[in-house]
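The values are calculated or read from the model by the stated rules, or taken from the named source; none is laboratory data. Note that this is a predicted model, so its numbers are computed, not measured. Because the Cβ atoms are built from the backbone with ideal geometry, glycine has one as well, and the counts that use them run over all protein chains shown. Side chains included, ligands, DNA and RNA excluded: accessible areas come from the protein's heavy atoms. Shrake-Rupley method; radii C 1.70, N 1.55, O 1.52, S 1.80 Å.
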Amino acid sequence: MIEWFRNIEWNKEIEDLFELKLKRARGGESKAQYLRIQSSYLLDSNNFGQVGERLMKRLFSDFPNESFSVIFGHEQLGDYYFKTQQFDLAEIEYKIVVDHYHIKSRSGTTGLADIKLADLILMTEQQDKYAYSYKLITDDFKLSKGDLGMNDSRYYYSLVRSRLAYRLGFDSDSKDFAKLALDLSKVTEPQFPRHKSVGIVKAKNDDIRELEMIIKG
């Protein structure tokens, strides 16, 4: 049976039950967590993204002090906007999370919002922000003490850094990280035997060709 806060469908009956259960939940921390989780399931659905967006914004307005849920909610909403090509809105959400990294920590998020922001800026070809993006994932990234222990995260970082460095004319850096990204893309062994899909890189063919082009110069 689906938990009341993990619905992938939405109608009046489901909504009424959700609201009843949410009202009965104890404390702002629990209510905020339930709102965020339910919103995330709907944001990931094919048909109820706008409902998920509404619930996530409700989390921000009703429980602004529940930072653990709120900051991850901003990243998840940014991912939804990115997926639906609402890039201006995604950029706003990612910047909120990145600011949180610099003030506090990456705890409670994927730890990748600054890389996602740099990737978005590249995708939307905002050339006036390339230098800012590069600093964000080099000097500022180190100051934030990001932990990239998983191969897929390391690949994503290396891919974005290589692309940015290439566009900024940093030849050595772009080649070094292109090589690292290619090496990571070839790793097929799981990092954790009990979780065979965790950390596995799923590289796109177009990305591989671009990395090979960067290396060849």
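Quick check on my link table: of 31/196; 142/179; 21/57; 104/196; 104/179, which ones sit more than 28 Å apart, alpha carbon to alpha carbon? From the list (31/196; 142/179; 21/57; 104/196; 104/179), the Cα-Cα distance tops 28 Å for 31/196; 104/196; 104/179. In the full protein context, the chain carries 57 Å² of accessible surface per residue, based on a 1.4 Å probe and ignoring ligands, DNA and RNA.
Considering only protein heavy atoms and a 1.4 Å probe, what is the carbon-and-sulfur percentage of the accessible area of segment 148-217?
Exposed carbon and sulfur together represent 51 percent of the surface.
In the chain, the calculated helix contribution to ellipticity at 222 nm averages -21500 deg cm²/dmol per residue, counting -39,500 (n - 2.57) for every DSSP H run with n ≥ 4. Charging the Cβ of each Asp and Glu at -1 and of each Lys and Arg at +1, and nothing else, the dipole of the chain about its Cα centre rounds to 480 debye.
Of the residues 61, 105, 162, the one that moves most in a GNM of the chain with alpha-carbon contacts below 10 Å is 61. Taking the 1.4 Å solvent-accessible surface of segment 1-118 as the whole, the part contributed by carbon and sulfur is 50%.
The residues neighbouring residue 23, those whose beta-carbon lies less than 14 Å from its own, together hold a net charge of +1 under the Lys/Arg +1, Asp/Glu -1 convention. Across the chain, counting alpha-carbon atoms alone, Rg and Dmax equal 19.2, 61 Å.
P(r) tail, segment 72-162: Cα-Cα pairs separated by more than 19 Å, 34% of all pairs.
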